[in-house]
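Read the structure below first, then the notes.
A short reminder: the numbers here are calculations on the coordinates, not readings from a lab. The shown structure was predicted, so the numbers you read here are calculated from the model rather than taken from an experiment. Reconstructed Cβ throughout: ideal geometry from the backbone, glycine too, with neighbour counts over all protein chains shown.
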Amino acid sequence: MVPLIGTKAEFVLQESIIRETADKVFAETGSKVEYLVGTMIEIPRAALTADKIAESAEFFSFGTNDLTQMTFGYSRDDAGVFLPIYIQKNLLKHDPFQVLDQEGVGQLVEMGTTRGRSARPNLKVGICGEHGGEPSSVEFCHRVGMNYVSCSPYRVPIARLAAAMAAIR
């Protein structure tokens, strides 16, 4: 798939390719499966224009590591050099690639969710990546009304416990 720069036209083009391909496969195999067409929201522009994208998209999955990288302007390749110093000097509370920055990146996630659902109220929304298995990030996802979190297999037990605790609160 070609990465989106956050325009509706891009998504509409890709959506038509996906649906045409699915129809061909269904015709060839004689069977159908239900599916949703959606997109990763990984850049600030996509979060800001989420209402337009949601006119076609049936789900959003926020790629929070890429969104973090683009929002902070940090290269993940270089961040390991200076982030420990930033944390040590209290310039940052946490490594934003480990714990979701709720104030900045979270604002884009919440805005994208709200704007997306203004155009499509039943829009399914979640995140994917390591933030999906970090307890305070999972609680944030619950607070903003996400439907799911996705994370690496070893973090699933933590994500389940964090989701249950967030639901109880």
Which trypsin sites (Lys or Arg not before Pro) in region 27-124 pass both tests, a DSSP loop state and at most 14 other beta-carbon atoms within 10 Å?
Lys32, Lys89, Lys93
Find the lysine pairs in region 1-160 meeting two conditions, Cα atoms under 29 Å apart and a separation of 8 or more places or different chains, and report how many there are.
10
Farthest towards the positive end of the dipole of the chain, among Pro96, Ser56, Val138 and with Cβ unit charges of +1 on Lys and Arg and -1 on Asp and Glu, lies the Cα of Val138
I'd like the chymotrypsin sites (Phe, Trp or Tyr not before Pro) in region 1-87 restricted to DSSP loop residues with at most 15 other Cβ atoms within 10 Å, sorted by number.
Tyr35
proj_area_mean for region 111-169 (convex hull on C-alpha atoms), units nm², value 3.9 nm²
Would you please give the residues with an amide H less than 5 Å from that of Cys151, counting only those at least 5 places away or on a separate chain, with H modeled from the backbone geometry?
Gly129
Within the chain, which is the longest segment that contains none of the GluC sites (Glu not before Pro) sitting in a DSSP loop with at most 13 other Cβ atoms within 10 Å?
104-169
State which helices in the chain qualify, where a helix is a whole DSSP H run, it must extend 15 Å or more along its own axis by its Cα atoms, and its mean Kyte-Doolittle hydropathy must be at least 1.6.
156-168
